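Comments concern the structure below.
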Amino acid sequence: MSHAPHARPDCIFCQIAAGRAPAARIAESAHALAFMDLFPAAEGHALVIPKRHYENLFEADVETLPDVHLLARRVALAMRRALSLEGLMVFQLNGAAAGQTVFHYHAHLLPRSGGSPLTIHGRQKADPAKLAELAARIAAALDDA
């Protein structure tokens with residue numbers, strides 16, 4: 001088991017998990033939180049994080065990690081219902097060399113449609129009202145799975 005700190009004050013995802021930074025929240029579980037990506041690579045791009053700070057997969061706690069991915073599945077099912085997805089890319093990056101830009105473990109849920117360019121990080125900041133609307137639509141489609 002890793003001995004990562006519970007939270008880092010300079011980590012934006014820790015701030016979001018603690019409710020000290022805004023995010024368009026979709027759902028949460030005992031150890032995980034799902035919210036809309038502020039810089040989406042596609043409409044509906046969401047992130048699922050552990051509430052506890054772990055930099056990457058190598059540090060992730062074996063008790064927390066399953067909860068993160070069970071919440072990711074639950075949100076993915078809701079996304080499929082709410083957004084009529086053609087496809088969904090699920091990915092997770094570890095280290096700068098792999099493209100990780102926020103060093104708090106997180107999984108991306110990225111809606112895909114046929115012919116859309118393959119990008120993993122968006123460059124444009126999304127409209128917070130649009131993110132809130134998408135989060136509400138996805139949250140309304142959640143079930144107890």
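No value in this document is a laboratory result; all are computed from the given coordinates. This structure is a prediction, so every number in the text was calculated from the model and none was measured. Cβ atoms come from the backbone with ideal geometry, glycine included; neighbour counts cover every protein chain shown.
Tabulated results
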read-out	value
In Hz, Karplus ³J(HN,Hα) per residue of region 42-47 (6.51, -1.76, 1.60; θ = phi - 60°; x = Gly, Pro)	7, 4, x, 4, 10, 10
Cut-off 13 Å between beta-carbons: net charge of the residues surrounding G44, Lys and Arg +1, Asp and Glu -1	+1
Charge dipole magnitude, Cβ of K and R +1, D and E -1 - region 12-140, Cα centre, debye nearest 20	320 debye
Region 8-28-region 53-131 distance, computed between alpha-carbon centres (Å)	15 Å
Vicinal HN-Hα couplings computed from phi for region 52-63 (Karplus, 6.51 cos²θ - 1.76 cosθ + 1.60; Hz; Gly/Pro x)	7, 7, 9, 5, 7, 4, 5, 9, 4, 6, 5, 7
Mean separation of Cα contacts under 8 Å, 6 or more apart, over the residue count of the chain: relative contact order %	30 percent
Surrounding net charge for E86, when Lys and Arg each add one and Asp and Glu each subtract one, Cβ distance under 15 Å	+2
Distant-in-sequence amide H partners of L33 (H built 1.01 Å from N, under 5 Å)	I49, K51
Mean shadow area of region 73-145 over all directions, Cα convex hull, nm²	5.8 nm²
Helix axis angle, 65-83 relative to the chain longest principal axis, alpha carbon, degrees	10 degrees
Ellipsoid semi-axes in whole angstrom, largest first, where each is sqrt(5λ) of the Cα gyration tensor of the chain	23, 17, 15
C-alpha long axis of helix 128-140 to longest principal axis of the chain, angle in °	90 degrees
Helix-derived mean residue ellipticity, 222 nm - over the chain, DSSP H n ≥ 4, -39500 (n - 2.57), to 500	-8500 deg cm²/dmol
Packing-based ranking, highest mean first, of 103-116, 38-51, 77-90 given that Cβ atoms within 10 Å are counted	38-51, 103-116, 77-90
